[in-house]
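Take a look at the structure set out below.
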Amino acid sequence: MFESIQPAPPDAILGLNESFQKDPRAEKVNLTVGVYKDESGTTPILDAVKEAERRLIETETTKSYLSMGGDPDFNRRVRALLLGEDAAAITEGRAVTIQTPGGTAGLRVAADFLVRNGVSRRIWCSRPTWANHHNVFRSAGLDTDHYAYLDDSGTRLDGAAMLESLRQIPPGDVVCLHGCCHNPTGVDPTAEEWTEIIEVARERRWLPLIDLAYQGFGEGLDADAQAVRRCVNAGLEVLVAHSYSKNFGLYAERTGAVTAVTASADQASAVESQLKAAVRSNYSNPPKHGAAIVATILADDSLRQQWLGELAAMRDRIRDLRSQLVAGLTSRLPDRDFHFIEAQKGMFSFSGLTPLQVDRLKTEHAVYIVRSGRINIAGLNASNLDRVCDAIAAVLK
Ligand code: LMR
């Protein structure tokens, strides 16, 4: 039965991580997959998370299934984190949230919902976008296409081209927008550009599906939710896939959600039931632990403050690393301008390096970045920064 099966090509991000693990060179540096690392190069468990886990071990009384929509307390709390405590969409019952195994499953459930209910058959993604977006959407049966995003330098937004492209998208199609900290580029639209995106969405009547995986890594928790909140406040219906992998450091616990904001409470309730039907046919119901941690932290004032402090520390460290990378590269190649790296937001920087230069980084210098030129800034530290700067300067010369 399996004679004709060919090996799958390596995944653009996770496949590189596997090659890195096999690389015997001691000096190797991994700047591929989007996980936060501290100065010692490890991905820490946040203190607030550890404390929440201690409490859960004491108080948890059952491991029985969650419902298809997950933990209602988690759903309520992350919906408020997303839309704001007093959002009209919440008080009017027009926003529904279900817990999903990570933001990726949030995207998949949203896509399944769109296809199963005949809402739409096509989704448009920025070019470039997260390497897995097209896979997830196509697996659900959506056709995918792209809209313009970057200028010729490959490191900054071409706002006019993006808006022109978004204006061509037909009514009824879906547009995948990155709520903040665009992955892979770190290049976000300005507040004025968001005003125009919202205007185009309203005029052209396409549906935004917003991927929000890095809330808190750009400017702050509320600031990073502004794009979502402005879409909702402008009266748009939206789907949002939100992830708690990065901002709570819960990567392996697969903790995410999908939220739908609709025009009425009745529609919201029908949409919620269809999202749950999509869950049932995929994985039945979500895992419990990560969501219980998030709900515990958000419910307790002191744990919440502790978490906010730890989130701010991660954000500040990445910002500092951006400046150090700019300084390191500028001192080696003074004729080049690297300040775009400081203007980019979140965990990633789109370096503008070509695939060939990226390959040379790997083979000649044991520095791993994603082939699109994406660098995980959070993987830099005092002991690898000089090596990385030397390697990038060498391939750029
Ligand atoms: C990334 O973009 O590196 C992360 O979102 C991890 C992943 O699953 O690709």
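The values are calculated or read from the model by the stated rules, or taken from the named source; none is laboratory data. What you see is a predicted model, and the numbers here were worked out from it, not measured in a lab. Cβ atoms come from the backbone with ideal geometry, glycine included; neighbour counts cover every protein chain shown. Note: accessible area is taken over every heavy atom of the protein model, side chains too, but ligands, DNA and RNA are not part of it. Shrake-Rupley method; radii C 1.70, N 1.55, O 1.52, S 1.80 Å.
A few notes on this one:
- All positions within the range 210-233 that are open to solvent by 10 Å² or more (accessible area, probe 1.4 Å), among the polar types (S, T, N, Q) and under 19 Å from the mean Cα position of the chain (by Cα): Gln226
- Criterion: touching a Pro at 6+ places or on another chain (Cβ under 6 Å) and either in the same structural domain as Val33 (by TED's automatic domain parsing) or under 23 Å from Gly256 (Cβ atoms) (or both) - qualifying residue of Leu212, Leu142, Leu177: Leu177
- Taking the range 1-105 and the helices (runs of 4 or more DSSP H) fully enclosed by it, the elements with 2 or more residues that are away from the ligand (no atom under 16 Å from the Cβ) are at 47-59, 72-83, 88-91.
- Unmet requirement for Leu380, which otherwise passes all of (1) within 16 Å of the ligand (Cβ to nearest atom); (2) out of contact with any helix residue (DSSP H, G or I) (no Cβ under 6 Å at 6 or more places or on another chain): (2)
- Counting the residues of the range 177-209 that are buried (at least 24 other Cβ atoms within 10 Å of the Cβ) and free of Cβ contacts under 8 Å to residues at least 60 places away in the same chain gives 2.
- Note on the range 89-114: residues that are in contact (Cβ under 8 Å) with a residue 60 or more places away in the chain and closer than 10 Å to Val232 by Cβ total 3.
- Members of the range 251-274 that are out of contact with any Asp or Glu (no Cβ under 8 Å at 6 or more places or on another chain), open to solvent by less than 10 Å² (accessible area, probe 1.4 Å) and outside any helix (DSSP H, G or I): Thr255, Gly256, Ala257, Val258, Thr259
- Which numbered condition Val33 misses (of (1) in the same structural domain as Phe248 (by TED's automatic domain parsing); (2) closer than 30 Å to Cys231 by Cβ; (3) not small (Gly, Ala, Ser)): (1)
- Meets criteria (over 17 Å from Ala26 (Cα atoms), more than 16 Å from the ligand (Cβ to nearest atom) and β-branched (Val, Ile, Thr)) for Ile392: yes
- Among (1) buried (at least 20 other Cβ atoms within 10 Å of the Cβ); (2) over 22 Å from the mean Cα position of the chain (by Cα) - the single one Gly70 does not satisfy: (2)
- Hits in the range 131-155 - residues which are closer than 17 Å to Thr354 by Cα and within 16 Å of the ligand (Cβ to nearest atom): Ala131
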